[in-house]
Structures are given as structure tokens and as C-alpha cells.
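Everything on this sheet refers to the single structure shown next.
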Amino acid sequence: MGPEMTRDQYAKVIERREFLKLASKGALGAVALAACSSGDADLDDAAADETLPEIEWQIATSWPVSLDTIFGGAVTFAERVSAMSGGKFMVTAQPAGEVVPALEILQNAQTNSIDAGHTASYYYTGLAPLTAFGTALPFGLTSRQQNAWLYQGGGLEMMQAIYAERFDTIQFPAGNTGVQMGGWFNKEINSLADVQGLVMRIPGLGGSVMSALGATVQVLPGGEIFQALQTGTIDATEWVGPYDDTTMGFNEVTQFYYHPGWWEPGPTLEVQIPLPVWDGLPSIYQEIIKSAAFEANMNMMATYDAKNPAALQGILEDGSITVLPFPEDFMAAAEEESLSQYEANAAEDQDFADIYDSWLAFRSDIAQWHALAEFSYLNYQQGSIGNA
């Protein structure tokens with residue numbers, strides 16, 4: 001996908017912003033305002049309150065515009081906030097690096113240097129390993145399980161309390177990619193021994209595990225990965241899944257595509273807002289943000305599930321890429337190392353320990369349920385479709 005096409009897509013987003021801005025000022029009349037309706041009568045009535053302030057935000061992101069899925073999560077959030085406020089609370093999503101560096105969203109939220117950001121919390125495990133719980137842990141929760149833990153299992157409340165204390169920030173789930181692929185490799189992995197000396201782009205606790213298993217780990221923003229693969233600076237990279245990966249062109253400069261992405265079985269993306277900024281918002285705007293983030297969270301997962309199948313089929317039909325499972329000894333060693341690191345982090349950080357206890361118990365219970373119902377059904381379904 002060329003830069004002209006993606007910039008055109010982004011230009012349409014900006015045009016939408018201008019439409020909403022004019023609507024908020026009455027320049028387009030009642031018809032235009034109706035077009036911006038949130039669909040929620042209570043929110044629409046509140047947004048019509050003339051005492052509500054007009055606000056404009058720039059939301060920094062960790063994503064290039066070419067990723068219409070992940071960057072699209074920030075766009076969905078921005079558009080819904082703008083629409084539900086009747087154009088009074090205007091939010092514009094900005095590509096990685098336009099506001100702050102792609103991997104420095106949380107640091108800038110902590111210092112109250114941005115309005116808001118859209119990012120993956122596990123980029124910031126260097127600040128605190130517990131941030132990984134907000135995105136994904138190796139051998140952790142699927143997207144449905146992650147949402148259940150965050151929204152109904154107490155996970156989000158625990159994480160928000162710690163973000164407030166440690167980073168002076170509040171965060172809300174605002175996207176999920178679903179279980180990811182294991183990534184693109186220019187070296188075949190036949191056993192655990194082949195990981196030794198492998199140079200791989202992989203962030204978060206997954207990167208820490210790979211390092212312990214002998215790989216040389218790099219953390220690069222999305223926009224730098226293709227060139228690093230093309231020039232041989234790295235041997236492998238994880239990213240997301242077939243749709244995004246082929247959009248990034250990784251299939252053009254690698255030979256092997258591995259699965260599963262054990263380090264990201266259901267990674268959440270999130271909106272991060274400095275607490276002073278959040279506390280200064282009218283309550284109706286806070287509620288709008290919560291609703292917009294929730295919609296972005298649900299919509300992103302649906303988008304990936306709709307787009308990944310065709311992209312995978314394209315990879316399989318092309319024939320130039322070998323799709324392989326990771327070897328069993330590598331998977332077993334990675335799981336053992338992951339659990340060992342969790343225990344070590346829990347011993348050093350009581351907050352990590354408290355979250356880990358909640359997360360581990362929830363994982364055990366929901367895994368039993370999904371193994372009985374979901375796994376059984378999917379196994380039957382696959383056999384039925386294959387025999388059709």
C-alpha cells in the first residue's frame with residue numbers, strides 16, 4: 001500500500017473533523033447536527049447543553065497511518081467522541097511521531113505533555129513490568145478472556161489505580177487485535193537451539209522471554225520494521241496477523257511465517273489520558289470517552305476477524321512463504337521461562353503480585369470453561385467444514 005493512498009485515507013478523516021467542527025458552530029444547521037448524533041438520547045441532550053466547553057484534542061498514537069486497523073482504533077475513538085459531543089469535544093488522531101515519539105506515549109501522559117495517547121501498554125515494561133497486564137502476557141488471555149478480566153474480573157480497576165499512583169494517568173481499553181501470529185523469520189526455527197543468536201524485534205515481556213532463551217531483542221516502532229528486515233538488521237519480527245503484516249510488506253522480505261503468537265494471545269490497546277486533563281473534563285465528556293473507547297475496543301477486534309481470513313488465504317496462495325508452527329521444545333521452554341519471570345516480578349513488586357494473583361486465578365477458571373465449550377465446538381466445526 002503506497003503512502004499516497006494511506007494519506008488520502010487520513011485526509012478523509014480530517015475532512016470529517018472539519019464537518020463536525022462546522023456542525024458544532026451551527027454553520028451546517030440542524031441537518032448537520034443530526035448527522036453527528038450519537039444515537040444515545042441522553043448523551044445527545046447533554047451534548048446540546050450550551051454551557052459545555054468547546055475542546056480540541058490531539059491524540060498521539062504509536063501507529064503509522066498505513067495501519068487502518070490499529071490507527072483506525074484511534075480514529076474510531078476520536079470520531080465517536082466528536083460525534084457524541086455534538087462537535088463540541090473535537091479529537092484528532094495523529095500518526096506516530098507527529099506529536100511525540102511512537103514509544104513514548106505513557107511517559108508524556110505521565111508528565112501531562114499530551115492531551116491523550118493511543119498505544120500498547122507493554123511498550124512500557126521498562127518503566128514497570130506490570131504495564132504488560134494492560135496489553136498481554138505470554139501464554140495469557142485471549143481477546144474475549146482479556147475483556148472479561150478487564151471489564152468484569154476487576155482487572156481494569158486494579159490497573160487504573162496503579163496507573164493513577166505511578167503514572168498520574170488514567171487508561172481505557174480501546175482496541176484488540178486478537179490472537180496474533182508468531183511472526184516473520186528469515187531463519188528457520190526447527191528447535192529451541194535455533195533461537196540462539198536470533199535478532200528479533202519483539203517488545204514487552206515476550207521480548208524478555210526471548211532474550212532469556214538466547215535471542216537478541218530489539219524494540220522498534222512499526223514504521224521502522226520493514227527496513228530493518230530488508231537490510232538484515234533483524235532476522236525476525238512479530239507484528240500482528242495476516243492483514244496488517246502484509247500491509248506492512250513483511251511477506252516481501254522474509255521466508256517463514258510462524259504461529260502461534262504465544263506472547264500476544266489477545267492484546268489490548270488503550271487510550272491513556274493524563275489525570276489532570278481527565279479531572280478537568282465535565283462528567284459528560286468523561287462518560288463520552290468511556291463509551292468511545294469501548295466502541296473502539298469492540299470494533300477493532302471485529303475488523304481483524306473480518307480482514308485476516310482473506311489476507312491469510314492470499315499468503316497461502318502466493319506460495320513464496322512457508323507457514324509453520326513453532327517447534328514444541330521451543331514452546332515449552334518459552335512457557336516455562338514466562339512463568340518463571342512472572343514469579344520473579346511478583347517477588348520484587350507487590351503491585352505486580354496483586355495483579356498477577358487476580359489474573360492467574362481468572363485465567364485458570366476461564367480456560368477450563370473455554371476448553372470445554374469453545375475448543376470442543378471449534379474442533380467439530382473445522383472437521384465439518386473440511387468434510388463439506
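Listing for the model above:
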{"read-out": "Value at 222 nm in deg cm²/dmol, rounded to 500, when DSSP H runs of n ≥ 4 in the chain each add -39,500 (n - 2.57)", "value": "-16500 deg cm²/dmol"}
{"read-out": "Karplus-derived HN-Hα couplings along segment 361-367 (A = 6.51, B = -1.76, C = 1.60, θ = phi - 60°), whole Hz, x at Gly and Pro", "value": "5, 5, 4, 4, 5, 6, 5"}
{"read-out": "In Hz, Karplus ³J(HN,Hα) per residue of segment 171-187 (6.51, -1.76, 1.60; θ = phi - 60°; x = Gly, Pro)", "value": "9, 9, x, 8, x, 7, 8, x, 4, 9, 7, x, x, 9, 10, 9, 10"}
{"read-out": "Interchain or long-range residues, amide H under 5 Å from Gln218's placed H", "value": "Met200, Arg201, Ile202"}
{"read-out": "Folded to 0 to 90 degrees: helix 328-348 orientation relative to the chain principal axis, Cα", "value": "60"}
{"read-out": "Lys187 accessible area, 1.4 Å probe, all protein chains in place, Å² to nearest 10", "value": "90"}
{"read-out": "Segment 248-388: radius of gyration and largest Cα-Cα distance (Dmax), Å", "value": "20.5, 59"}
{"read-out": "Accessible area in the full protein assembly, largest first, 1.4 Å probe, for Thr237, Thr303", "value": "Thr303, Thr237"}
{"read-out": "For Ala93, residues with placed amide H under 5 Å, excluding near neighbours", "value": "Ile59"}
{"read-out": "GNM flexibility winner over the chain from Glu50, Glu252, Glu343 (Cα, springs under 10 Å)", "value": "Glu50"}
{"read-out": "1.4 Å probe accessible area per residue over segment 206-278, in Å²", "value": "29"}
{"read-out": "Accessible surface of the chain, 1.4 Å probe, proportion on carbon and sulfur as whole %", "value": "51"}
{"read-out": "Cα long-axis angle, helix 3-24 against the chain (0 to 90 degrees, to the nearest 10)", "value": "30"}
{"read-out": "Relative contact order (%) - criterion: Cα under 8 Å, at least six apart; region: the chain", "value": "20"}
{"read-out": "Karplus (6.51, -1.76, 1.60) ³J(HN,Hα), θ = phi - 60°, over segment 66-76, in Hz, Gly and Pro reported as x", "value": "4, 8, 5, 7, 6, 4, x, x, 5, 5, 4"}
{"read-out": "Among Ile355, Ile315, Asn345 the positive-end extreme of the charge dipole of segment 309-376 (Cβ point charges)", "value": "Ile315"}
{"read-out": "Long-range HN-HN contacts of Thr169 with modeled amide H, under 5 Å", "value": "Ala164, Leu275"}
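The values are calculated or read from the model by the stated rules, or taken from the named source; none is laboratory data. Bear in mind the structure is a predicted one, so any value in this text is a computation, not a measurement. Every residue, glycine as well, gets a Cβ built from its backbone with ideal geometry; the counts of neighbours run over all protein chains shown. Side chains are part of the model used for accessible areas, which takes the heavy atoms of the whole protein and leaves out ligands, DNA and RNA. Shrake-Rupley method; radii C 1.70, N 1.55, O 1.52, S 1.80 Å.
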